[in-house]
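Asker: I have a structure I would like to understand better, so I am pasting it below and will then ask my questions one at a time.
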Amino acid sequence: MDGNGRWAAAKGLPRLEGHRRGAERLIETIDSCIDLGVTTLTVFAFSAENWKRPLEEVSGLFKLGEWILRAHLARLEKRNVRLRVIGDITALPEFVRGPLEDVMESSKGNSAFTLVVALNYGARQEIVAAAQAIAADVAAGKLTPAAVDWSVVEARLQTAGMPDPDLIIRTSGEFRLSNFLLLQSAYAEIVFASVFWPDFDKAQLQLALAEFAKRERRFGQTGAQLQPTSTK
Ligand code: FPP
């Protein structure tokens, strides 16, 4: 959800106003995804590197996260949305961690749509944690090095049990993945949108989905080899 700060600066507004508008855009995007048949959306809300921002912005972001959750809880529930989180949320302040954990628990049975919020998330940190878990299992004799394959790694990522992303959208005209889902994005299509996140409306989402639909996904095979049911 990149570009909140620049969106605000362009309008002579404080950065936090950009984040507030970005948070509202997120709620609208969930509705748009459901209307357009998307079943899982993962958003990068706070990276493990975002702690380096001024304290005022960091605490403002968490207050915003707590507010947006409370303000739209009934709507999310009504639309049968499940909330999941990736990242180390133990480091988050209690006033936002508590409500997040409550909603993750209460929405467990919701099945129409899954919103995955990446909070204090970094792909390299996730990979290091998975490597440590595998090393610990090997040291404990539960696993042999030869038995370590992709399924062993995948099961130790924070996204275990979630589908890999088919499409990654980076807003605000930047052309980077910035430590987001580095392993899971191995075969993802990437679309770069020039608009700032607060301006990423349903029409923009439809443009990104149309671009995705035009791509030929080969997953390392030739076009002729591909089975229509291929998912990886
Ligand atoms: C990136 O824009 C956006 C963020 C770092 C925050 C995104 C968070 C929300 C939209 C609200 C939800 C918040 C939580 C914690 C659940 P930027 O600030 O990097 O923009 P810039 O690159 O234009 O400065």
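Asker: Would you confirm, using the coordinates I've provided, whether E17 is loosely packed, with under 14 Cβ neighbours inside 10 Å, more than 20 Å from the chain's Cα centre (by Cα) and modelled with pLDDT of 95 or more?
Answerer: When the stated conditions are applied, E17 does not pass them.
Asker: Can you pull out every residue in the stretch 11-33 that is part of a helix (DSSP H, G or I) and more than 9 Å from the ligand (Cβ to nearest atom)?
Answerer: Taking the stretch 11-33 and keeping what is part of a helix (DSSP H, G or I), we get 15-33.
Once the filter is applied, which keeps residues that are part of a helix (DSSP H, G or I) and more than 9 Å from the ligand (Cβ to nearest atom), the stretch 11-33 yields L16, E17, I27, E28, T29, I30, D31, S32, C33.
Asker: Go through (1) in contact (Cβ under 8 Å) with a residue 24 or more places away in the chain; (2) within 16 Å of D31 (Cα to Cα); (3) of a type outside the set (A, V, I, L, M) one by one and return the number of the condition R70 breaks.
Answerer: (2)
Asker: Taking the stretch 41-80 as the region of interest, how many residues are closer than 12 Å to V117 by Cβ and more than 8 Å from the ligand (Cβ to nearest atom)?
Answerer: The qualifying residues number 3.
Asker: What tally of residues in the stretch 167-186 results from selecting those that are away from the ligand (no atom under 16 Å from the Cβ) and loosely packed, with under 15 Cβ neighbours inside 10 Å?
Answerer: Number of matching residues: 2.
Asker: Next question. Output the helices (runs of 4 or more DSSP H) that fall wholly within the stretch 45-161 and possess 3 or more residues being exposed (fewer than 14 other Cβ atoms within 10 Å of the Cβ), or say none.
Answerer: 55-78, 94-106, 123-139
Asker: Restricting to the stretch 30-75, give me the number of residues that are of a type in the set (S, T, N, Q) and touching a Lys or Arg at 6+ places or on another chain (Cβ under 8 Å).
Answerer: 1
Asker: Restricting attention to the stretch 191-205, which residues are open to solvent by less than 50 Å² (accessible area, probe 1.4 Å) and in a strand (DSSP E or B)?
Answerer: Hit for the stretch 191-205 is V191, nothing else.
The values are calculated or read from the model by the stated rules, or taken from the named source; none is laboratory data. This one's a predicted model, so the numbers in the text were calculated from it and none came from an experiment. Here the Cβ is made from the backbone with ideal geometry for all residues, glycine too, and neighbour counts use every protein chain on show. Protein only, heavy atoms only, side chains kept; ligands, DNA and RNA dropped before computing areas. Shrake-Rupley method; radii C 1.70, N 1.55, O 1.52, S 1.80 Å.
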